[in-house]
Amino acid sequence: MPREEKKKSAEENEKDRSGGISRREFTIASMAIFGAASVGEGKAITQVANKKLAQPGIASQATAKLPLTSSARKISLTVNKWKYEVYVEPEWILRDVLRDQLGFLSIKDMCNGYGACGSCTVIMDGRPVLSCMTFAAECDSATIETAEGVAVDMQDLIEAYVMNHCMQCGYCTPGFVVTAKALLDRIPKPTEGEIRDALGGNICRCGTYTQHILAIKEVTGNA
Ligand code: FES
Ligand code: FES
């Protein structure tokens, strides 16, 4: 069945099951709200990060879990095109700074930070990296993209994920989405083998693996 017809009939089936609102319509509406919210939040967070963390030792409620020590150093990050300046301790990992300090809640932790699940993946300077295995202090001047940024920049990928039912509990999904985006930035039309290789480090306890391949193929026109 051609892609448009397949999309339409899947949408109509969803509508029947959910009382008139399709999953696609719901997701597109949610993404619009999410995009607006993330831009708004980004602005507010930038202000907090710049204003309240103007010097080490001033630990604002919004951004620091613990009082900073004299070992803390200031780093600059560009996250989803927003610039941040934050103070970090030498042992703080990137995942905690992005998630707990700056509020990028799409970044997950399915393996207690053992580097085994891929749910904390972010794109850093064009490469997918495990943020749980990366010291924040080493990321000064890095450009980072999280799933919040992918949702704004690559809506067709998000739509393909929804249409192909790539998530069950959804906990692993942001890590997959970010890894897929990094792959498509590097190889716009990947083969199935390249998709499998790229997603090899992402674990899904619900077993959605084949759906991710379908979604990525669909978005590249290789379905
Ligand atoms: S939290 Fe599992 S790899 Fe980072
Ligand atoms: S959808 Fe549940 S862990 Fe992947």
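Data overview
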read-out	value
Number of the exception - K181 against (1) within 30 Å of P90 (Cα to Cα); (2) away from ligand 2 (no atom under 12 Å from the Cβ); (3) not in a helix (DSSP H, G or I)	(3)
Hey, G193 free of Cβ contacts under 8 Å to residues at least 12 places away in the same chain, of a type outside the set (D, E, K, R), within 23 Å of G113 (Cβ to Cβ) and away from ligand 1 (no atom under 15 Å from the Cβ) or not	no
Candidate set: region 184-205, residues that are surrounded by 13 or more Cβ atoms within 10 Å (Cβ to Cβ), more than 18 Å from the chain's Cα centre (by Cα) and assigned to a loop (DSSP other than H, G, I, E, B); chosen: the one nearest to ligand 2 (Cβ to nearest atom)	P190
Members of region 67-113 that are of a type outside the set (S, T, Y) and surrounded by fewer than 16 Cβ atoms within 10 Å (Cβ to Cβ)	P67, R73, K74, K81, K83, E85, P90, E91, D100, L105, C111, N112
Single residue of S106, S131 found to be in contact with a Cys (Cβ under 6 Å, 6 or more places away or on another chain) and of a type outside the set (F, W, Y)	S131
Residues of region 114-138 satisfying the condition of being over 15 Å from L183 (Cα atoms), buried (at least 22 other Cβ atoms within 10 Å of the Cβ) and in contact with a helix residue (DSSP H, G or I) (Cβ under 7 Å, 6 or more places away or on another chain)	S119, C120, S131, C132, A136
Set C117, C132: member being under 19 Å from E89 (Cβ atoms) and touching a residue at least 24 places away in the same chain (Cβ under 8 Å)	C132
All positions within region 97-133 that are under 14 Å from the mean Cα position of the chain (by Cα) and either among the polar types (S, T, N, Q) or assigned to a helix (DSSP H, G or I) (or both)	L98, R99, S106, S119, T121, S131, C132
Some residue of region 162-178 being buried (at least 20 other Cβ atoms within 10 Å of the Cβ), touching a helix residue (DSSP H, G or I) at 6+ places or on another chain (Cβ under 7 Å) and small (G, A, S)	no
Candidate set: region 71-106, residues that are in contact with a Pro (Cβ under 7 Å, 6 or more places away or on another chain) and of a type outside the set (F, W, Y); chosen: the one farthest from ligand 2 (Cβ to nearest atom)	S71
Residue check, Q168 among the polar types (S, T, N, Q), assigned to a helix (DSSP H, G or I) and either under 18 Å from the mean Cα position of the chain (by Cα) or away from ligand 1 (no atom under 16 Å from the Cβ) (or both)	no
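Only the coordinates and a few stated rules stand behind these numbers; no lab work does. Note that the structure is predicted; figures quoted are calculated from it, not measured. Note that each Cβ is placed from the backbone with ideal geometry, even for glycine, and that neighbours are counted across all protein chains shown.
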